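The values are calculated or read from the model by the stated rules, or taken from the named source; none is laboratory data. Computed from a predicted model, the values in this text were never measured in an experiment. Positions of Cβ are generated from backbone atoms using ideal geometry, with glycine treated the same way; all protein chains shown enter the neighbour counts. Each accessible area value is taken on the protein alone, full model and side chains, heavy atoms only, with ligands, DNA and RNA left out. Shrake-Rupley method; radii C 1.70, N 1.55, O 1.52, S 1.80 Å.
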Amino acid sequence: MAATSSCSVNLGVKGKGKLEQPFSSSKSSLLLFSSNLSFAYNNTKYCLSLRSHHTLLSACLTKTKNSAFVVASAKPEHLKIMISGAPASGKGTQCELITKKYGLVHIAAGDLLRAEIASGSENGKRAKEYMEKGQLVPNEIVVMMVKDRLLQPDSQENGWLLDGYPRSLSQATALKEFGFRPDLFIVLEVNEEILVERVVGRRLDPVTGKIYHLKYSPPETEEIAARLTQRFDDTEEKVKLRLQTHHQNVEAVLSMYEDITLKVNGNVPKEDVFAQIDDALTKLFEDQKLTSGSLAA
Ligand code: AP5
């Protein structure tokens, strides 16, 4: 088997720019243009790739016995989105709608942790202790779990939608060090009394994974209603602890993504929340197409 080697370099250029609505920081703000230059080779092939503003430019030199040829390509990169908000602000509900329309891979830190608990692993047992107290699960369990999922081929090929991560400055910093930078950071803003009502009424369908609410999003049939389950941390008492943890960390996380933050009014029905997000994502997609078109020309 041929051995493959590679190396990569991050390039950063800072400049003054103006972000347009719907981003929250509409005033003049600092834009970061960042590129990633990488080189890989094996016995027959040498590839140079430049990741730059939503586009992957690559040139590969392939050697055969009697000749060598170069193939160059420019293809748009897929979107990388983060969604954040207080417990029960509607992150999972919006993720269902976003993935349905945009085909991104939904990666929810809470779901990864619940899967670890269900597997009966040591990490799962430890994680549950923290989740029951409404506290953040320690980084040594969460950080690599999320990083590994982001590196899976489906996330790399289709783009990702990261839900409930990062939740602390140290998690945001770790993500940056691994080279993951989102295109957009969505923050759902919901009043506190609404959050408690949403938590208490939430139910989950273990067969389809769909999220329901007894009042706002009731199950479609009696059969579904009969199999719905409730999360172990979905009580009024536990959501108050989860909210405390959220308030302690939220500002530090927001400060990392100020220039790409979209604040969304999450108090309205889910379709109206989605309309705000959809507008921003449509603009991002158009921007991505334009940029990749002009770079490829
Ligand atoms: P996690 O599972 O992420 O829970 P959470 O952040 O508390 O968020 P939820 O999943 O409860 O709510 P959601 O915003 O997805 O709302 P949903 O769409 O379901 O985390 C659980 C625990 O894991 C944490 O407490 C922590 O211990 C640990 N953890 C997770 N990530 C971690 C990390 N990064 N680091 C360390 N520890 C971590 O909606 C809620 C309800 O409202 C539903 O019933 C829905 O139907 C309804 N609803 C939604 N939108 C609307 C609307 N617009 N109008 C009316 N009803 C609505």
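Condition (residue is within 27 Å of residue 279 (Cβ to Cβ) and within 10 Å of the ligand (Cβ to nearest atom)) applied to region 220-236: is it met by at least one residue? Steps first, answer last, please.
Filtering region 220-236 down to residues within 27 Å of residue 279 (Cβ to Cβ) leaves none.
Checking region 220-236: not a single residue is within 27 Å of residue 279 (Cβ to Cβ) and within 10 Å of the ligand (Cβ to nearest atom).
Among the residues of region 152-172, is any open to solvent by 40 Å² or more (accessible area, probe 1.4 Å), assigned to a helix (DSSP H, G or I) and within 26 Å of residue 216 (Cα to Cα)?
Step one: filter region 152-172 for residues open to solvent by 40 Å² or more (accessible area, probe 1.4 Å), giving 152-154, 156-158, 167, 169-170.
Now restrict to residues that are assigned to a helix (DSSP H, G or I): 153-154, 156-158, 169-170.
Adding the requirement that they be within 26 Å of residue 216 (Cα to Cα) leaves none.
So far as region 152-172 goes, no, none of its residues is open to solvent by 40 Å² or more (accessible area, probe 1.4 Å), assigned to a helix (DSSP H, G or I) and within 26 Å of residue 216 (Cα to Cα).
Let me spell it out: the conditions are (1) in a loop (DSSP other than H, G, I, E, B); (2) crowded, with 16+ Cβ neighbours inside 10 Å, and residue 264 meets all of them except one. Which number is the exception?
(1)
So the check is Cβ under 6 Å with 6+ separation or different chains; which pairs have a first residue in region 88-108 that's assigned to a loop (DSSP other than H, G, I, E, B) and a second one that's away from the ligand (no atom under 11 Å from the Cβ)?
103/158; 104/159; 104/160; 104/161
Among the residues in region 172-191, are any touching a Phe, Trp or Tyr at 6+ places or on another chain (Cβ under 8 Å), closer than 30 Å to residue 140 by Cα, near the ligand (Cβ under 8 Å from one of its atoms) and not aliphatic (A, V, I, L, M)?
No, region 172-191 contains no residue that is touching a Phe, Trp or Tyr at 6+ places or on another chain (Cβ under 8 Å), closer than 30 Å to residue 140 by Cα, near the ligand (Cβ under 8 Å from one of its atoms) and not aliphatic (A, V, I, L, M).
Give all pairs with beta carbons closer than 6 Å in which a residue from region 261-289 that is farther than 28 Å from residue 195 by Cβ and in contact (Cβ under 8 Å) with a residue 24 or more places away in the chain meets a residue that is within 16 Å of the ligand (Cβ to nearest atom) and not aliphatic (A, V, I, L, M); count only pairs at least 6 apart in sequence or on separate chains.
The qualifying pairs do not exist here.
For residues in region 120-146 being free of Cβ contacts under 8 Å to residues at least 24 places away in the same chain and in a loop (DSSP other than H, G, I, E, B), which is nearest to residue 171 (Cα to Cα)?
138
Conditions first: (1) within 23 Å of residue 142 (Cβ to Cβ); (2) touching a helix residue (DSSP H, G or I) at 6+ places or on another chain (Cβ under 9 Å). Residue 212 passes all but one, so which condition is the exception?
(1)
Please count how many residues of region 91-113 are open to solvent by less than 60 Å² (accessible area, probe 1.4 Å) and within 12 Å of the ligand (Cβ to nearest atom).
13
If you take the residues in region 175-228 that are in a loop (DSSP other than H, G, I, E, B) and among the aromatic types (Phe, Trp, Tyr), which one is farthest from the chain's Cα centre (by Cα)?
216
Here is a yes/no grid of residues against (1) touching a residue at least 60 places away in the same chain (Cβ under 8 Å); (2) more than 14 Å from the ligand (Cβ to nearest atom); (3) more than 27 Å from residue 78 (Cβ to Cβ):
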residue	(1), (2), (3)
162	yes, no, no
206	no, yes, yes
239	yes, no, yes
257	yes, yes, no
